[in-house]
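Accompanying notes for the structure given below.
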Amino acid sequence: MKTIVDDIRTRFIVEWEHQQREDLRQIGVRPGTVVPLLGWLKLHSPFVQLTHMSAVDWIEEGELQLTYLLTDPVGMRSLMVCTRIDREEATMESVHALWPQAVTYEQEINEMFGICFPGSPRQGVPFILEGWDDMPPMRRDFDTVEHVHAHHPSRPGREHTDPRAYIGRVFGERGFLHDDD
Amino acid sequence: MTTTETTTDTLRRRVQLWFGPQHPGITGNMSVQAWLEGDTLTQGITHVGYLHRGFEKLMERRKFIQSFPIVCRICVPEPDTNEYLLAAGLEELAGMTGDIPERGTWIRTLVLEMSRLQMNLMTLGGHIGSMGLGAAPNWLIAVRDYVLDRFEELTGGRIYHMYIIYGGVRRDLPEGFGERMEETLTKIEEKLPLVDNVIFDSSVFRRRTVGVGVVPEEWVDEMSLSGPIVRAMGLPRDIRKDFPYLIYPELDFEVVTTTGSDIYARAWIRRQEIQQSIDLIRQILARMPEGPYCAKLPNMLTWTIPPGQTYVRAEATRGEMGYYTVTDGSDKVRRIHVRGPSFVHGVALLERMIPGTNIADLSPLMVSLQVCPPEIER
């Protein structure tokens with residue numbers, strides 16, 4: 001695994017790397033490096049499968065992280081490629097030309113995090129949320145309670161118990177299990 | 001199935017129809033928007049969202065222990081893989097992987113194989129049920145219920161178990177569980193020759209499945225395919241062997257493969273894996289070590305996990321199931337992203353296979369890809 005990262009270093013700028021497990025290495029690169037790097041890995045390394053693609057909202061830092069998990073199906077190991085983009089202008093180059101199933105990942109990330117992948121075929125096409133008119137729901141500042149109150153009002157006469165208040169009342173501030181119990 | 005639009009040109013008639021979400025031939029609550037000319041499908045688009053409950057978002061707002069009742073609902077008939085992966089990812093990030101007691105690890109493996117067994121019984125029934133043949137599905141669902149009896153005895157629940165928790169499992173095996181499990185396995189084995197006769201010796205089943213729904217081998221790496229789809233084309237890929245976890249390296253089993261890559265081959269793989277799970281359960285019960293079944297856990301209401309990210313994977317009956325887990329040092333996850341095999345098999349792969357498929361073969365095709373909608377939309 002170290003060899004492939006050394007090889008990557010000779011061609012691309014790697015900002016950080018971490019060996020999470022024997023079979024899982026993580027590297028961080030700049031956004032502009034991602035697609036050339038993934039293209040190079042697919043063509044010139046054993047990491048030919050795009051197993052997973054995901055996004056993480058780091059709202060405190062004003063950034064969104066994109067994570068690409070590549071797998072070497074012969075060497076039985078994975079490489080996690082991470083990058084961060086600006087949260088307000090969330091745009092990233094698409095990888096659907098490298099792996100066709102990336103269209104679905106990019107469609108979902110577009111819907112859930114508001115990251116645009118120009119050129120990816122199903123951008124803006126609803127995947128799970130039909131008729132959604134709120135902010136992308138997987139962003140950390142999306143208020144689920146407010147959304148529910150605005151869109152799904154309680155049936156008149158129905159009693160509601162706030163779970164936090166209920167647990168606090170019944171079990172106390174720290175809950176009913178303590179380290180010294 | 002509802003015809004919603006008919007368009008004509010000078011030569012042919014192109015009909016658009018919705019297959020699902022309410023249709024006995026659809027695999028769960030999803031739908032395929034299909035276009036066909038005559039009996040042949042020319043295009044299909046998968047539509048999901050009917051089951052979306054925002055599981056991943058819910059987990060970001062809950063303590064780690066509160067996520068177990070959520071993840072088991074990500075795949076209704078096979079919840080245990082989700083429970084295991086949630087636990088494995090967070091245990092790794094918390095640095096407690098080495099603390100899991102040996103017996104707890106063996107029981108986890110037992111549960112995963114019981115889960116695989118009942119899921120394969122149901123899916124094999126679905127294979128032939130999707131063609132309108134009713135006897136074998138009824139037999140298979142009936143014997144699957146015997147496995148659910150054991151689950152109920154072990155975990156308290158027939159479908160959602162919430163049994164695997166951080167540090168091991170929630171409780172020990174009940175007294176005499178091994179004997180009762182053996183009785184269950186024997187009952188299943190007694191029924192299987194009949195099932196073989198009705199399914200694999202049936203000329204109807206053979207004619208409807210051999211050479212139908214063939215997945216080309218070059219799509220495997222291109223689309224990250226996994227599970228029985230890959231093994232049915234002769235590739236011995238199985239996470240249990242390739243990325244060993246739990247006690248699978250200590251168990252004696254071979255990856256089942258066949259050739260053909262069609263619906264028949266995928267059904268045959270599932271049939272063999274039923275027997276494989278039965279054998280593995282017997283091995284596990286025979287060699288089950290004594291000792292504690294769960295590590296001492298921190299206070300679940302104040303437990304925090306250092307910042308980190310990982311991806312853990314396991315072999316579900318449908319293929320590779322993975323959890324991408326990110327923590328930020330707080331008492332909740334920053335992000336959990338569930339990678340179900342159906343996310344690829346039920347959308348990109350299914351849509352790629354639909355053109356040229358006969359309309360009557362769409363349902364058997366979907367069953368053979370084992371599409372599970374909740375794991376697409378989570």
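The values are calculated or read from the model by the stated rules, or taken from the named source; none is laboratory data. Everything numeric in this text was worked out from a predicted model, so none of it was measured. Note: ideal-geometry Cβ built from the backbone for every residue, glycine included; neighbour counts use all protein chains shown. For accessibility, only protein heavy atoms count, side chains too; no ligands or nucleic acids. Shrake-Rupley method; radii C 1.70, N 1.55, O 1.52, S 1.80 Å.
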>> At q = 0.06, 0.09, 0.13 Å⁻¹, what log₁₀ I(q)/I(0) does chain B have when each alpha carbon counts as one equal point scatterer in the Debye sum?
In response: -0.23, -0.52, -1.06
> Once you charge only the Cβ atoms, +1 for Lys and Arg and -1 for Asp and Glu, what is the size of the charge dipole of the protein assembly as shown about its Cα centre, to the nearest 20 debye?
Replying inline: 720
> How much accessible area per residue does the protein assembly as shown have, in Å², with a 1.4 Å probe?
Replying inline: 41
>> Quick check: Cα centre of region B:19-62 to Cα centre of region A:71-93, how many Å?
In response: 27
> Picking from B:Tyr50, B:Cys72, B:Met366, whose Cα lies most toward the positive end of the charge dipole for the protein assembly as shown (charges on Cβ: Lys, Arg +1; Asp, Glu -1)?
Replying inline: B:Met366
> Just in region A:108-154: which GluC sites (Glu not before Pro) are loop by DSSP and have at most 14 other Cβ atoms within 10 Å?
Replying inline: A:Glu130
> What's the angle, to the nearest 10 degrees (0 to 90), between helix A:102-113's Cα axis and the longest principal axis of chain A?
Replying inline: 40
> Charges only on Cβ, +1 for Lys and Arg, -1 for Asp and Glu: so what's the dipole of chain A about the Cα centre, in debye to the nearest 20?
Replying inline: 600
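Tell me whether region B:36-147 comes out rounded, prolate or oblate; compute the Cα gyration tensor, take square roots of the eigenvalues as a ≥ b ≥ c, and use a/c under 1.5 as the rounded threshold.
Oblate, since a/c reaches 1.5 and b/c is not below a/b.
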>> Over region B:65-302, what is the relative contact order in percent, taking alpha-carbon pairs closer than 8 angstrom and at least six residues apart?
In response: 29
>> With angles folded into 0 to 90 degrees, how steeply does helix B:263-287 sit against the dominant principal axis of chain B? Use alpha carbons for both and round to 10.
In response: 20
>> Could you tell me the extents of the protein assembly as shown's C-alpha atoms along the three principal axes, largest first, rounded to whole Å?
In response: 66, 65, 65
> What order, most packed first, do the peptides A:149-156, B:294-301, B:230-237 have when packing is the mean number of other Cβ atoms within 10 Å of each residue?
Replying inline: B:230-237, B:294-301, A:149-156
> Over region A:2-129, what is the relative contact order in whole percent, taking alpha-carbon pairs under 8 Å and six or more residues apart?
Replying inline: 19
>> If you take each beta carbon of peptide A:46-58 and count the beta carbons of other chains within 10 angstrom, what is the mean?
In response: 5
> If amide H atoms are built 1.01 Å from N in the plane of the peptide, which residues on other chains or at least 5 residues away come under 5 Å of the amide H of A:Glu63?
Replying inline: A:Trp58, A:Arg87
> How much of the accessible area of the protein assembly as shown, probe 1.4 Å, is carbon plus sulfur, in whole percent?
Replying inline: 51
> If you build a Gaussian network model of chain A, linking Cα atoms that sit under 10 Å apart, which residue out of A:Leu129, A:Leu38, A:Leu64 swings the most?
Replying inline: A:Leu129
>> Test of understanding: given chain B, find the longest segment containing no GluC sites (Glu not before Pro) that are in a DSSP loop and have at most 14 other Cβ atoms within 10 Å.
In response: B:1-174
> When all alpha-carbon pairs of region A:2-129 are counted, what percent fall beyond 21 Å?
Replying inline: 37
> Which whole-angstrom value gives the distance between the alpha carbon centres of region B:82-152 and region A:115-165?
Replying inline: 32
> Mean residue ellipticity at 222 nm from the helices of chain B, using -39,500 (n - 2.57) per DSSP H segment of n ≥ 4 over the full residue count, to the nearest 500 deg cm²/dmol?
Replying inline: -13000 deg cm²/dmol
> Looking at region A:1-50, which chymotrypsin sites (Phe, Trp or Tyr not before Pro) are DSSP coil and have at most 14 other C-beta atoms within 10 Å of their C-beta?
Replying inline: none
> Longest exposed-loop-site-free stretch of chain A, with trypsin sites (Lys or Arg not before Pro), DSSP loop and at most 12 other Cβ within 10 Å?
Replying inline: A:1-157
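What average count of beta carbons from other chains do you get within 10 Å of the Cβ of residues in B:338-344?
Averaged over the peptide's residues, the number is 3.
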> How about region B:155-193: which trypsin sites (Lys or Arg not before Pro) there are in a DSSP loop, with at most 15 other Cβ atoms within 10 Å of their Cβ?
Replying inline: B:Arg158, B:Arg171
> Which shape class, rounded, prolate or oblate, goes with region B:111-225 when its Cα gyration tensor gives a ≥ b ≥ c as root eigenvalues, a/c under 1.5 marks rounded, and past that a/b bigger than b/c marks prolate?
Replying inline: oblate
>> Quick check for chain B: number of Lys pairs with alpha-carbon distance under 20 Å, counting only pairs 8 or more apart or on different chains?
In response: 4
> Using a probe radius of 1.4 Å on protein heavy atoms only, what is the accessible area buried between chains A and B, both sides summed, to the nearest 100 Å²?
Replying inline: 4000
>> Connecting C-alpha atoms closer than 10 Å in a GNM of chain A, tell me which of A:Trp99, A:Trp58, A:Trp132 has the biggest fluctuation.
In response: A:Trp132
